[in-house]
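A quick write-up on the structure given underneath.
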Amino acid sequence: MATSFDGLRFSHWRTELRDDGVVVLGFDRQGASVNAFSQDVLIELADIIERLSIDPPKGLVLRSAKPNGFIAGADLKEFQEFDRKGTTNDAIRRGQVVFQKLAELPFPTVAAIHGFCMGGGTEISLACRYRVASSDGSTRIGLPEVKLGIFPGWGGSARLPRLVGAPAAMDMMLTGRTLSASAARAMGLVDKVVAPEQLLDAAIALLGKGAERPFKQKFLGWATNTWPARQVLAPQIAKTVARKAPKAHYPAPYALIGVWKNAGGKGIQGRLDAERKAVVKLASTPTARNLVRIFFLTERMKGLGGKDHGISRVHVVGAGVMGGDIAAWAAYKGFEVTLQDREQRFIDPALARAQELFAKRVKDEARRASVAARLKGDLAGEGAADADLVIEAIVENPDAKRELYQSLEPRMKADALLTTNTSSIPLTELRGHIARPAQFAGLHYFNPVAQMPLVEIIRHDGLAPETERRLAAFCKAIDKLPVSVTGTPGFLVNRILFPYMLEAATAYSEGIPGAAIDKAAVKFGMPMGPIELIDTVGLDVAYGVNKELAPFLGLQVPPALAAAPEPGKRGKKDGQGFYKWENGKPVKPELPKDYQVPADLEDRLVLPYLNEAVACLHDGVVGDADLLDAGAIFGTGFAPFRGGPIQYIRATGADELLARLNTLHARYGSRFAPRPGWDSPLLREKPV
């Protein structure tokens, strides 16, 4: 091969013919900071592959020509457009055809992977004969399509089970989890792992000598894909999936299992055809459309505030469950953190919990020690003077918080930010004696801190835009999604969650079993039921929120939550609340076989939630309907496949839901009275 690319220029690909006869093909998508597959990219790649097949080189190395990763996957905005036009089948077929032509090239091919390798990036690497990955910690390999309501459709589901064995392949695709380079190597997905600077040389070496796969991997690739194995394994895998993802809500995992079970023994073209037909069908489902929308909402939230936060040291006051976990998470994410409380006996348990987090998240013991060293107990509060960000996380008592600020603020640096983790107190009640209100805001985390992705940035009318921007950037730095909300009682998340939880407690007080209430909510799509949620948050916290929100929303507190909990009965943290808790899980009494769940129970739970979401949109608590949906999903766990409360109202019909709300209003009284905003045109827009 001497001149196949002479005089040719490509918009998205860089071709280099080396003296040893190897072609290095670099992906460099034009006008984008990140590589993603569009149809233009695939059309160019098809042209290149055709030329390579006519005039074969000694080998081909496929790599990224961008510094910040291999390939992020497909261009989802383009796929949204294909869905609108009804051309998804053509788009998927093109990707399959191009990747299959790559797989059929009559010479060795190697994918050289550095940085993120997701979706279509992993699929094109599977179409290569070999894969070499960088040992750099930023290298992550995954097939996350299930999180978008589909499954790998450019040959990933057809090729991966044969390469690594069906159990490992199905686990990777069904969970959407990403792998480090070393984990991918252990699985058999990657043939070699090397230092970043050796990546190209290692790829070229693989072209020459190849890579012999261990017998066990080859055996698994064959044995677990035979007809008997597929008939035995498929039902077992589906049963495991059903524990987390009901088929009615999330069809993609079951479609993937079905395609593999029924077509996994066919030749590559048969497997590709079955894959394509199933993915095209899934792409047009409401679940897939809503999950893709949530992906874009996530990207929007990540972009708020940029990267420059100017924060390196964080001081947390209050070493309770929330304060201690906030401090531990910030240390885990790279910040120097000091943790203050009134007595050492409050700080020590928080430091012990932090060690548990570090042990779980940081497998390298040497690195774990350096992470742990970033978190220090600080009984005297000396860290406040050096901190760029101070987070107050003490009891929900306005007087106690104001008193603390008066002692804290004079010791803080002039440009440091002071924030409160209050879950419900309006900031106008807290800022009275603060000397620099422009640098004071709410930074409201959710429990458990390590798992909940949302942080509310609470505004007030004296907040400086630069403070809000810096806090948003800080949230991004700790891998949290920020949403800015007004400082009215309950803000966004607790305000829309409160009527839902209050109605659950009302139903409980009426004698409806907690297990029945929780089951109705989970059936709707909530990650856990409201009774279990109250126990998880803590009955003491719920009682404190009651005092702020019940008067504001004009709601009556039911007997189940009307009084402060007895000592030792605050819920999960004490091992006893509405439920008894064992090993971190609630013990829910079995419902009698003849128990009849009230027909309107789901409406009683869900409609108060939707009612308050409508009021929040009407009151401008959050910037727009999309951010409200994002806050509800990431802060309360509102069923992701439904797209958020506003998206659900649009899809179901605002007038239909309003009629059902009025029925409950007539039956149960004023707590179901429609809140302002149901007449908004925003609720009658066509779902995106």
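The values are calculated or read from the model by the stated rules, or taken from the named source; none is laboratory data. Since this is a predicted model, take the numbers as computed values, not measurements. Virtual Cβ from ideal backbone geometry, glycine too; neighbours counted across all protein chains shown.
Some notes on this structure:
- Number of positions in the stretch 205-229 that are in a loop (DSSP other than H, G, I, E, B) and in contact (Cβ under 8 Å) with a residue 12 or more places away in the chain: 7
- For the stretch 183-203, filtered to residues that are part of a helix (DSSP H, G or I) and in contact with a Ser or Thr (Cβ under 8 Å, 6 or more places away or on another chain), the residue that is surrounded by the most Cβ atoms within 10 Å (Cβ to Cβ) is LEU199.
- Within the stretch 230-269, being more than 12 Å from ALA158 (Cα to Cα), hydrophobic (A, V, I, L, M, F, W, C) and part of a helix (DSSP H, G or I) holds for VAL232, LEU233, ALA234, ILE237, ALA238, VAL241, ALA242, ALA252, ALA255.
- Criterion: surrounded by 20 or more Cβ atoms within 10 Å (Cβ to Cβ), part of a helix (DSSP H, G or I), hydrophobic (A, V, I, L, M, F, W, C) and touching a strand residue (DSSP E or B) at 6+ places or on another chain (Cβ under 7 Å) - qualifying residue of LEU463, LEU471: LEU471
- Looking only at the stretch 204-231, and only at residues there that are out of contact with any helix residue (DSSP H, G or I) (no Cβ under 6 Å at 6 or more places or on another chain) and basic (Lys, Arg), the one that is surrounded by the fewest Cβ atoms within 10 Å (Cβ to Cβ): LYS209
- Residue list for the stretch 121-162, restricted to those being outside any helix (DSSP H, G or I) and of a type in the set (D, E, K, R): ARG129, ARG131, ASP136, ARG140
- As for the stretch 267-289, it holds no residue that is at pLDDT below 95, more than 16 Å from ARG93 (Cβ to Cβ) and among the small types (Gly, Ala, Ser).
- Counting the residues of the stretch 615-640 that are buried (at least 24 other Cβ atoms within 10 Å of the Cβ) and touching a Pro at 6+ places or on another chain (Cβ under 8 Å) gives 6.
- Residue within the stretch 627-645 that is over 30 Å from VAL395 (Cβ atoms), part of a helix (DSSP H, G or I) and touching a Leu at 6+ places or on another chain (Cβ under 6 Å) present: yes
- Failed item, numbered, when GLY334 is tested on (1) on the phi > 0 side of the Ramachandran plot; (2) crowded, with 16+ Cβ neighbours inside 10 Å: (2)
- Test: residue in the stretch 514-533 that is part of a helix (DSSP H, G or I) and within 27 Å of VAL314 (Cβ to Cβ): no
- Filter pass, VAL164 being crowded, with 22+ Cβ neighbours inside 10 Å and out of contact with any Asp or Glu (no Cβ under 6 Å at 6 or more places or on another chain): yes
- Residue in the stretch 561-569 that is outside the structural domain of GLU429 (by TED's automatic domain parsing) and either in contact with a Phe, Trp or Tyr (Cβ under 6 Å, 6 or more places away or on another chain) or of a type in the set (Asp, Glu) (or both) present: yes
- Scope the stretch 342-393; condition β-branched (Val, Ile, Thr) and not in a helix (DSSP H, G or I); matching residues: VAL362, VAL390, ILE391
Yes or no, residue by residue, for (1) touching a Phe, Trp or Tyr at 6+ places or on another chain (Cβ under 7 Å); (2) charged (D, E, K, R):
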residue: ARG213; (1), (2): no, yes
residue: PRO246; (1), (2): no, no
residue: TYR250; (1), (2): yes, no
residue: GLY258; (1), (2): no, no
residue: ALA274; (1), (2): no, no
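- Residues satisfying the stated conditions in the stretch 646-662, i.e. in a helix (DSSP H, G or I), within 23 Å of VAL522 (Cα to Cα) and free of Cβ contacts under 8 Å to residues at least 40 places away in the same chain: ILE646, TYR648, ILE649, ARG650, THR652, ALA654, GLU656, LEU658
- Flag: LEU304 does not match the condition of being in a helix (DSSP H, G or I) and either aliphatic (A, V, I, L, M) or touching a Leu at 6+ places or on another chain (Cβ under 8 Å) (or both).
- Output for the stretch 412-438, where each listed residue is polar (S, T, N, Q) and either surrounded by fewer than 23 Cβ atoms within 10 Å (Cβ to Cβ) or within 18 Å of ALA477 (Cβ to Cβ) (or both): THR419, ASN421, SER424, THR428
- First in the stretch 558-575 and at positive phi, second anywhere and assigned to a strand (DSSP E or B) and crowded, with 17+ Cβ neighbours inside 10 Å, Cβ under 8 Å, 6 or more apart: GLY568/GLN576; GLY571/TRP581; GLY575/TRP581
- None of ILE113, ILE71, ILE54 is of a type in the set (A, V, I, L, M) and over 22 Å from ALA158 (Cβ atoms) except ILE54.
- Any chance ILE347 is closer than 30 Å to GLY643 by Cβ and among the aliphatic types (A, V, I, L, M): no
- No other residue among GLU403, GLU409, GLU396 is in contact (Cβ under 8 Å) with a residue 60 or more places away in the chain, in the same structural domain as GLU343 (by TED's automatic domain parsing), surrounded by fewer than 22 Cβ atoms within 10 Å (Cβ to Cβ) and of a type in the set (D, E, K, R) apart from GLU396.
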